[in-house]
Amino acid sequence: MASGDNKDRFLIALAKFFGLSPRKPNPLAAVQVCNDWFLAELVAPILGDPDVVILNLERFNQLMLACGHLIASKHFFDFFFGKARTVSDFEDAVERFRTKAMWLYGNFRFAYKQLSQCDSQQFEELIARTTLRKDLEKEFRGRSPFLDEIQAIPEGDLGFLGYISSQALDDYAFGLDVLKQLVISWDEREKLLQGLGAAKQKKISEILKEKGSQFPSAGINGVELTDVKAIVETLDPDLQALKDRQASAQQVGMRNTQRYLTLPYLDVYVATSMRTPEDYVTQHAFVMQLFQNENVRDLNLRYFDPTASYDPDRIKKGLIECLMLRRAAITIYNAGAEDTMGKDSELAATLAQGKPVIVYVQSEPAFVDVLGRSKPVSMDQRAKTFNVDHPLGLQICTRTGVAHGIIVVRTVDQCARMLRKVLLHDLSFSIKHEGGNFKLEEKETQSVLRVVTDDPLLSHSFWTYFRHTEPETDI
C-alpha cells in the first residue's frame, strides 16, 4: 500500500495538473465531482510501495472524469504520462505539461482541452512548437552569409544617417554661408549680423569653435576681413568633404533599405536609439558583435540593422521600421541607459504580436552618465527594472490573449546564446507560484516569460471575453 507521503505528493501533483494551487487536506477540492471514497478507490491501485505509480490510459481517464475534465486521447497520455513509473516521474510529467500549457495557451484548463482532444497530427504539430528544432538549425546553416546582401558603411560615416547629424551639418553649412556673405559685404557686416540675430550668431560661434576656429558670439569688433577669409578658406574644404561622405553614406543606406524591403524573410529586428554619431558607432558595434558571436554565427541570421538603413523622409522611415518589426521573428532591444518612446513602442508591439523580445542591458560599465541627470545610471538597477518593474515587461498577445514576458540579458555573449535558444526552441523553464500567479521562468536568466493567474473570477472573465482559440507559435 502506498505511503501517506506518496499519496499526498500524487494528489498535489494532480492538482497542479489542473492548474490549482493545492491546499491540504484535499488538494482537489476545487475540481472534484465525485465522493471522497470513490476518489480514494481510484487512486489506491495507481500507487504502489515504495514510490511506485501504476498508471494507464484507463485509470488516468477515470481520474479526469472524477475531477470534472474530459477524457484524454492515447497520444496525449503516452506523451506526457506513458513513462511515469514513480511519483517523481508523475510530478515531472505534470511539470512538463504545465510548461507547455503556459507557453502555448496561458491557461491550464484550456490547454488540456485542446491538447487532449486534438488528433495525433495536430498534437504533434503543437508539441513541435515547444521542442528543440534540429531541422530548423540545419535550415539556418544552409543559408548564405547575410552580410553579402547588406553593403557596409565606414564606421566613421554611420552618424551621417542620423537626422540630428544631418541637422548639425546643415547648421555648419549655414554658418559658413554667413561668413561668406560677410566677406562679400564686409562694409555692411554689422547690419548683416544685426539682421542675423544674437541667438544665431551665438550658435555659429559655437559651431565654428568645435571646428577649431574663433568667431565672436556677439558683435564683430576686433575681427578683420582677413580673419573671416581665413576661416572660410580653412573650413570650406572640410565642409565639402563631410557633405561628400554624408551623400555616400546616405546613398548606401538607401540602397540597403531597398534590400531590406525585398528580403524573403527576416529573423531579428534590432531596436535601438541613436541620437548622436557616437550612438551610431556603439549600436553598430553591438550588432556586429552579436551576430558574429560564435553562438549564432553559424545560423546565418537575417537581421535588420538600423545603423545600415536610411531614408530621408521621417514618415517613410517609420513605415519601413514598422514593416521590419512586423516581419521579424524576434526583437532584440538594446536598452542603453535610458528609455525612448521608439524603443519602448517596438518592445510592446513585438510582445503584442506574440513574438519574443530579448532585452540587452550592458553589465560594463556598471554606471553610465546621462545628459540632464545629476547621478549616473546604475545598469544593475536598470536590468532589475526590466526584469521586475518595467510596465512593458509583460504584454498580452492581441491574437491569443497569452501574457508574454521578456528575456533580460547582461552580456553580448549571453544575448547571442539566448537568441539561439529562442530560435531553436531550446529554452529551459521552471514554474513558480507567487502572489496568486503561476510564473513560467526561463532558468538561465530567471526571466518571467508567461504568467497564469489563479484568481478564478479574473481567469474566467478574461478568457470568456477574449474568446481564446489559438496557441502560441514557438518556445
If I go through segment 117-142 residue by residue, how many of them are at pLDDT 90 or above, exposed (fewer than 14 other Cβ atoms within 10 Å of the Cβ) and farther than 24 Å from S73 by Cα?
4
So, in segment 404-435, how many residues would count as being more than 22 Å from N334 (Cβ to Cβ) and either within 14 Å of the chain's Cα centre (by Cα) or of a type in the set (F, W, Y) (or both)?
1
Is at least one residue of segment 249-256 among the hydrophobic types (A, V, I, L, M, F, W, C), exposed (fewer than 14 other Cβ atoms within 10 Å of the Cβ) and at pLDDT 90 or above?
no
Among the residues of segment 244-271, the number that are touching a residue at least 40 places away in the same chain (Cβ under 8 Å) and farther than 24 Å from L424 by Cα is 13
Among (1) more than 30 Å from F76 (Cα to Cα); (2) open to solvent by less than 70 Å² (accessible area, probe 1.4 Å); (3) part of a helix (DSSP H, G or I), the one test that E206 misses
(2)
Which pairs turn up if I take residues in segment 19-33 that are assigned to a loop (DSSP other than H, G, I, E, B) and look for partners that are modelled with pLDDT of 90 or more and among the small types (G, A, S) with beta carbon separation below 6 Å, at least 6 apart in sequence or on another chain?
L20/A30; P22/A15; P27/A15; L28/A15; V31/G68; V33/G68
Checklist (1) out of contact with any strand residue (DSSP E or B) (no Cβ under 8 Å at 6 or more places or on another chain); (2) at pLDDT below 95; (3) of a type in the set (G, A, S); (4) open to solvent by less than 70 Å² (accessible area, probe 1.4 Å) applied to A152, failing item:
(4)
Restricting to strands (runs of 3 or more DSSP E) lying wholly in segment 353-409: which have 3 or more residues that are touching a residue at least 40 places away in the same chain (Cβ under 8 Å) and not polar (S, T, N, Q)?
357-360, 403-405, 407-409
Matching residues in segment 311-352 - criterion: being open to solvent by less than 40 Å² (accessible area, probe 1.4 Å), assigned to a helix (DSSP H, G or I) and within 24 Å of V402 (Cβ to Cβ)
M324, L325, K343, D344, E346, L347, A348, A349, T350, L351, A352
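Test N6 against the criterion of being assigned to a helix (DSSP H, G or I), without any contact (Cβ under 8 Å) to a residue 60 or more places away in the chain, farther than 27 Å from L458 by Cα and among the polar types (S, T, N, Q), and give yes or no.
No: the conditions fail for N6.
Looking at F79, is it open to solvent by 60 Å² or more (accessible area, probe 1.4 Å), in contact (Cβ under 8 Å) with a residue 24 or more places away in the chain and under 35 Å from the mean Cα position of the chain (by Cα)?
Spelling it out, F79 is indeed open to solvent by 60 Å² or more (accessible area, probe 1.4 Å), in contact (Cβ under 8 Å) with a residue 24 or more places away in the chain and under 35 Å from the mean Cα position of the chain (by Cα).
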Which of the residues belonging to segment 440-465 are surrounded by fewer than 11 Cβ atoms within 10 Å (Cβ to Cβ) and in a strand (DSSP E or B)?
none
Out of the residues in segment 118-145 meeting the condition of being charged (D, E, K, R) and farther than 26 Å from N293 by Cα, tell me which one is farthest from the chain's Cα centre (by Cα).
D119
Outside any helix (DSSP H, G or I) and open to solvent by 40 Å² or more (accessible area, probe 1.4 Å), is that true of R275?
yes
Among the residues of segment 438-446, is any under 14 Å from the mean Cα position of the chain (by Cα) and of a type outside the set (D, E)?
yes
Given the options D227, D187, D244, name the one that is open to solvent by 30 Å² or more (accessible area, probe 1.4 Å), at pLDDT 90 or above and closer than 30 Å to L158 by Cβ.
D244
For segment 278-299, give me the residue count where each residue is of a type in the set (S, T, N, Q) and open to solvent by less than 30 Å² (accessible area, probe 1.4 Å).
2
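The values are calculated or read from the model by the stated rules, or taken from the named source; none is laboratory data. Just so we're clear, the structure is a prediction, and the values are computed from it rather than from any experiment. Positions of Cβ are backbone-derived with ideal geometry, glycine not excepted, and every protein chain shown enters the neighbour counts. SASA here: full protein model, heavy atoms, side chains in, ligands and nucleic acids out. Shrake-Rupley method; radii C 1.70, N 1.55, O 1.52, S 1.80 Å.
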